[in-house]
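First comes the structure, then the notes that go with it.
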Amino acid sequence: MSTAPADRPAPAPSWTLGDVTVHRVDEIPLPPATGAWLLPGATPDLVTAEDWLRPHFADAEGTLRLDSHSFAFTLGGLRVLVDTGIGNGKERANPAWHDLDTDYLRALTAAGFPPDSVDLVILTHLHADHVGWNTREADGEWTPTFPRARYLTSRTEREFWAGYDMEEARAQMFRDSVLPVEEAGLLDLVDIPAEGVDVVPGLRLLPTPGHTPGHIAVELTGRDRTALITGDCVHHPVQFAHPGIGACVDIDPRRSETTRRALLASLAGTDTLVLGTHFASPTAGRVVLREGGYRLSPVPADGP
C-alpha cells in the first residue's frame, strides 16, 4: 500500500454523485471525552447496545468517535466549501480547540481547493467549530482566508446572535472569525423558507433549526444522486437510533429533536447520501428504517 509523503497530507476521501465529487477536508479528530460531554444522553450502555455503531462510530466501551472536518465540491460552476472547522491560532475556552496548528489548508489544497480558488463558503451555523477557518492571521490581524469567496449563512442565524448576550468566549469567536468577514463585505445573509432555497440548480439550503435558530443543512445533487451535509442537526450516528438524544449546546432542545426526527423520516429508505459534519470515518451513509427508529448504513469513500 502506498502512503502519502510525510510532508504532504493524505489524499482526501471523496464520494461521487454523478458529475459532482464531494471531498472531506480533515482538521482534527475530537478528543474521546467530547461525546460524553456533547451528548450526555448517549450513555455507554446505550451506545454499546447499538452493535452497528462499532467499530467506526464508537468503541467497545461505548465511547463516541467524532471528528472536525469540512466538505468541498464544485457544482454549478461554483467551488464550494461547507463549514470551516475550528481554525489555527484561535483563542478558545475549550482546550482541545485552543491555539491549534493543523494542516487544514494544505489538506484543502491537496483536495484541489486552494484558498484563493474557493467561490462560496456555506456556514451551517455560527459556532466556533464551524467558522474558525473563515479567517487566518496576517500581520497581527484576522483576515478572510478565502478572499475571492462569498460567505453565506442564514439571516435568522446572524440576527439571532446579533441580539444574544454573549459570554466572552463566544464574543471572542465572533471578533476573530465572523466580524472580519462582515467588515470585508463578504458575508451574505439568506432568507431560508420552510421548503428551502436554491443557491444554484442542484445546491439547496434546508432549514434545520433547533441546535441554533438559523441552522441549515446543505443538499446537493449531481445528475440523479443526492447528498445531504448535516451540519449539527445530527452530531453523531447514535442519534439515528435515538433521535431524542440532544446536544448540551442546543439552543432549543425540543425543536432540535423535532427537526432531527423529521429529517430522518424524510431520508429513511431513500438513496440520499448523508455526510455528517462530525461523523468519524467513513463519515457517510444512508438512513435505514428499523424497528423503533433508524440506523446509518455506512458508505465508504469511493476516492481517491
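The values are calculated or read from the model by the stated rules, or taken from the named source; none is laboratory data. Keep in mind that what you see is a predicted model, and the values were worked out from it rather than measured. Note that each Cβ is placed from the backbone with ideal geometry, even for glycine, and that neighbours are counted across all protein chains shown.
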Any chance G231 is crowded, with 18+ Cβ neighbours inside 10 Å, in contact (Cβ under 8 Å) with a residue 24 or more places away in the chain and farther than 24 Å from S68 by Cβ
no
Would you point out which residue out of T102, T153, T143, T63 is touching a Pro at 6+ places or on another chain (Cβ under 8 Å) and within 23 Å of G276 (Cα to Cα)?
T63
From the set of residues in the range 203-224 that are outside any strand (DSSP E or B) and more than 19 Å from the chain's Cα centre (by Cα), which is nearest to S266 (Cα to Cα)?
D224
Select from the range 135-158 the residues that are of a type in the set (D, E) and under 21 Å from the mean Cα position of the chain (by Cα) and list them in ascending order.
E157
Against the conditions (1) surrounded by fewer than 16 Cβ atoms within 10 Å (Cβ to Cβ); (2) in contact (Cβ under 8 Å) with a residue 24 or more places away in the chain, where does T21 fall short? Just the number, please.
(1)
Among all residue pairs at least 6 apart or on different chains, which show Cβ distances below 6 Å where the first residue, located in the range 177-193, is under 19 Å from G140 (Cβ atoms) and the second is among the hydroxyl-bearing types (S, T, Y) and assigned to a strand (DSSP E or B)?
S177/T135; P180/T135; V181/Y151
Checking G202, G222, G196 in turn, the sole residue that is at pLDDT below 95, touching a strand residue (DSSP E or B) at 6+ places or on another chain (Cβ under 8 Å) and either surrounded by fewer than 20 Cβ atoms within 10 Å (Cβ to Cβ) or over 16 Å from S154 (Cα atoms) (or both) turns out to be G222
For the range 179-186, state whether one or more residues are of a type outside the set (A, V, I, L, M, F, W, C), surrounded by fewer than 22 Cβ atoms within 10 Å (Cβ to Cβ) and in contact with a Phe, Trp or Tyr (Cβ under 6 Å, 6 or more places away or on another chain).
yes
Is it true that some residue in the range 280-289 is in a loop (DSSP other than H, G, I, E, B), buried (at least 22 other Cβ atoms within 10 Å of the Cβ) and of a type outside the set (K, R)?
yes
Name the single residue that is farthest from the chain's Cα centre (by Cα) among those in the range 58-108 being at positive phi and crowded, with 23+ Cβ neighbours inside 10 Å.
G87
Out of the strands (runs of 3 or more DSSP E) lying entirely within the range 57-149, which hold 2 or more residues that are farther than 23 Å from R204 by Cα, without any contact (Cβ under 8 Å) to a residue 60 or more places away in the chain and not aromatic (F, W, Y)?
135-138, 141-144
